[in-house]
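Participant: One structure, pasted below without further comment.
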Amino acid sequence: MRNKNLVNRWLLAALLMMLSLTFGETVISQSATDSLKNSRHYLPKTDRQYRYTSGYIEENPVPEYSWAPEKAYEDFQDMKYGVRIHWGLYSIIRQEKESWPLLKKTNAEKQAYFDMYKTWNPAGFNANEWMNLFSESGMKMFAFTTKHHEGFSMFDTKTRVKKRVNYLAPGGPVIEDCDLAYSIMESPFKRDIVKELCDAAHKKDIKIDLYYSHPDWYDADFRPYVWHPLQVPSSGTLAVRGKDLAPEGAIESHFGNNGPIMAPDPSPEEVNRMMTRHREQLKELLTNYGKIDMVCLDMWFGPSVWPQLRQTMLELRKIQPNVMFRARGIGNYGDYYTPEGFVPGSKENSQVPWFVIYPLGRTFSYETDPSQHKGAKWIVNNIIDCAAKGGNFMVGIGPDENGKFHPTVLEQLKQAGKWLKVNGASIYATRARESEFWKEGDSIRYTRSKDNKTIYAHCLEWPGEQLVLKTVKPKKGSKVIFMGTNVPVKWKYIEKTGIIISTPASLLNSVPEAERLAFTFKIECN
């Protein structure tokens with residue numbers, strides 16, 4: 001009887017499957033589509049930033065929250081290449097690693113650092129020059145640090161800092177009252193850098209990504225989150241730092257021998273003032289500068305203030321519904337995430353859009369040593385590698401104290417731009433091939449057109465006299481185009497071997513030497 005019931009159940013399931021295939025194609029397709037859309041919003045469990053906050057941020061956002069619409073996701077994946085600019089007080093002294101060394105400075109050095117804004121006048125800054133450079137270099141977007149961890153705002157914020165540290169007070173550092181914006185508008189420069197950059201970008205149709213750090217090391221109300229110079233007795237529960245940061249020795253590794261400075265736990269009034277200022281600054285960025293495509297949040301707070309941060313996200317989404325939020329500090333409320341300082345070894349294990357951020361020099365701030373810039377070939381190879389895996393690539397650079405980029409940076413970005421001018425159709429608005437067909441061996445990467453009719457084979461090195469591709473079957477009678485010269489090349493297809501493309505030395509020699517960064521072939525397929 002049991003076996004008969006099992007058979008009957010199997011027959012019923014088979015019948016239902018047949019009926020659904022016959023009459024329910026639209027339902028199945030819609031269900032699959034909904035499943036795909038949902039998978040685009042859940043970060044991979046292996047992402048380090050996800051693990052920092054997963055213990056207190058709910059896996060499923062509250063029902064009243066909306067992610068960016070599908071078109072924003074599609075536009076994001078079309079970009080493929082952009083630039084990350086770090087610029088702040090640390091640039092005045094050409095400090096490596098942006099704000100981070102501040103934590104290890106002596107009290108006198110901290111005070112001098114925070115006071116540098118009083119004399120900063122970067123008269124060489126020109127937003128239009130920057131955008132011309134980015135456009136010439138083939139970049140479709142730029143990200144800019146509106147406020148790094150140090151707390152100095154590079155825009156005209158109307159918010160006010162009410163408490164700060166006096167590091168040179170008699171008897172040791174003390175928290176004191178103050179009333180200032182702590183922004184570029186209080187420097188001798190007195191120009192809203194973010195506004196000038198956004199205005200110039202809108203004219204060039206370059207997408208805008210505004211970086212904003214959750215913590216603030218100048219504002220004492222923000223203690224003790226994410227290694228604030230002020231720590232408190234309750235730091236262990238307030239400033240959750242995540243498993244990967246190893247509670248043992250985690251503080252010492254960032255503060256060194258000079259800190260941290262112990263202070264009282266923040267009062268409810270201070271916490272409320274902190275979260276209000278944080279919210280208002282983000283609202284300013286999404287209200288005062290026209291269309292913003294992305295907001296690059298950085299770091300995180302902790303469980304005690306997550307309800308207020310969640311409310312901030314709900315309010316921000318209403319201001320610009322189409323903006324893509326970086327997921328740092330907000331978990332699955334984010335729209336994209338950023339592998340930093342590395343390119344994933346294979347396709348990412350998530351449908352969430354991603355953007356690698358990787359400095360051209362040793363760090364994201366101004367690189368003084370020209371030999372430490374990684375080169376145009378490194379840029380192009382990473383653009384190709386990321387695109388083949390379904391992601392985007394953002395190269396990180398920083399201007400000097402006067403707003404100028406290093407001559408070697410200019411040279412390498414423009415050289416990569418020349419390659420993209422010839423080969424850009426194989427990168428922009430392409431998609432990754434299915435499954436593991438994104439590569440062959442170590443030196444071949446693939447991208448494809450959205451309609452799947454064209455495959456682009458990228459050779460990171462010149463293949464020699466012929467190029468053999470095992471996983472590509474060209475359309476019968478079609479042309480294979482070498483994009484370096486935009487001319488057709490000889491080819492043949494053998495079922496057991498694949499496509500064999502003729503690549504004699506004369507073909508290589510037809511490409512200017514400076515543009516031999518990678519070699520791309522356009523192949524029409526069935």
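Participant: Determine the percent antiparallel among the DSSP beta bridges restricted to the chain, to the nearest 5.
Facilitator: Numbers: 35 of 68 bridges.
Once the DSSP bridges in the chain are tallied, antiparallel ones form about 50 percent.
Participant: Using only the alpha carbons, work out the radius of gyration and Dmax of region 305-383 in angstrom.
Facilitator: 16.7, 47
Participant: Based only on other Cβ atoms within 10 Å, what is the fewest-to-most ordering of 293, 177? Don't skip to the end; give the middle numbers.
Facilitator: On the way: 293 22, 177 8.
Least to most surrounded, the residues fall as 177, 293.
Participant: Then there is this: If you place +1 on the Cβ of every Lys and Arg, -1 on the Cβ of every Asp and Glu, and leave all else neutral, what size is the dipole of the chain about its Cα centre, to the nearest 20 Debye? Can you show the working numbers first?
Facilitator: Working: 69 positive and 61 negative charges, 402 e Å.
So the dipole magnitude of the chain works out to roughly 1940 debye.
Participant: On to the next question. Tell me which lysines have Cα within less than 16 Å of residue 45's Cα, excluding those fewer than 8 residues away on the same chain?
Facilitator: 243, 347
Participant: Right, next: Bin width 20 Å, alpha-carbon pairs only: give the P(r) of the chain as whole percents, running from 0 to the bin holding the largest distance.
Facilitator: Bins of 20 Å from zero give 20, 48, 25, 6, 0 percent of pairs.
Participant: Right, something else. Roughly how far apart, in whole Å, are the Cα centres of region 63-118 and region 170-196?
Facilitator: After rounding, the separation between the Cα centres reads 17 Å.
Participant: Let me ask something else about it. Give me Rg over Rh for region 34-103, both radii from the alpha carbons and Rh done the Kirkwood way, two decimal places.
Facilitator: 1.10
Participant: Calculate how large, on average over all directions, the projected area of the Cα convex hull of region 188-231 is; give the answer in nm² to one decimal. Could you put the intermediate results ahead of the total?
Facilitator: Values: hull surface 18.2 nm².
For region 188-231, the mean projected area of the Cα convex hull comes to 4.6 nm².
Participant: What ranking do 525, 198, 459 get, fewest neighbouring Cβ atoms within 10 angstrom at the top?
Facilitator: 525, 459, 198
Participant: How long is region 262-368 along each principal axis, judged by its Cα atoms, biggest number first, in Å?
Facilitator: On the principal axes, region 262-368 reaches 46, 39, 31 Å in Cα extent.
Participant: Using a Förster distance of 30 angstrom, determine the FRET efficiency expected from the C-beta separation of residue 132 and residue 158, and round it to 0.05. If you can, show how the numbers build up before the last one.
Facilitator: Working: r = 31 Å, r/R0 = 1.03.
Once rounded, the FRET efficiency stands at 0.45.
Participant: In nm, give the distance between the simple-model label positions of residue 234 and residue 372, each being 7 Å from the Cα along the Cα-to-Cβ direction.
Facilitator: So the label points at residue 234 and residue 372 sit 4.1 nm apart.
Participant: Checking the table 203/377; 476/496; 418/490; 418/453 against a 18 Å threshold on Cα-Cα, which pairs fail?
Facilitator: 203/377; 418/490; 418/453
Participant: Please report, in whole Å, how far the alpha carbons of region 439-524 spread along each principal axis, starting with the longest.
Facilitator: Answer, in whole Å and largest first: 33, 26, 25 Å.
Participant: Name the residues whose placed amide hydrogens come within less than 5 Å of the amide hydrogen of residue 324, ignoring near sequence neighbours (fewer than 5 apart) on the same chain.
Facilitator: 294, 295
Participant: Another question about this same structure. Any idea how far the Cα center of region 362-410 sits from the one of region 269-319, in Å?
Facilitator: Taking the Cα centre of each part, region 362-410 and region 269-319 sit 29 Å apart.
Participant: Quote the relative contact order of region 48-426 in percent (integer), defining contacts as alpha-carbon pairs under 8 Å separated by 6+ residues.
Facilitator: 25 percent
Participant: By how many degrees, 0 to 90 and rounded to 10, does the Cα axis of helix 70-79 deviate from the longest principal axis of the chain?
Facilitator: 80 degrees
Participant: Note down the nm distance, to one decimal, between modelled labels 7 Å out along Cα→Cβ at residue 506 and at residue 476.
Facilitator: Distance between label points: 3.0 nm.
Bear in mind that the values in this text are calculations on the coordinates, not laboratory data. Everything numeric here is computed off the predicted structure, so don't read it as measured data. Counting neighbours? That spans all protein chains shown, and the Cβs are built from the backbone with ideal geometry, glycine included.
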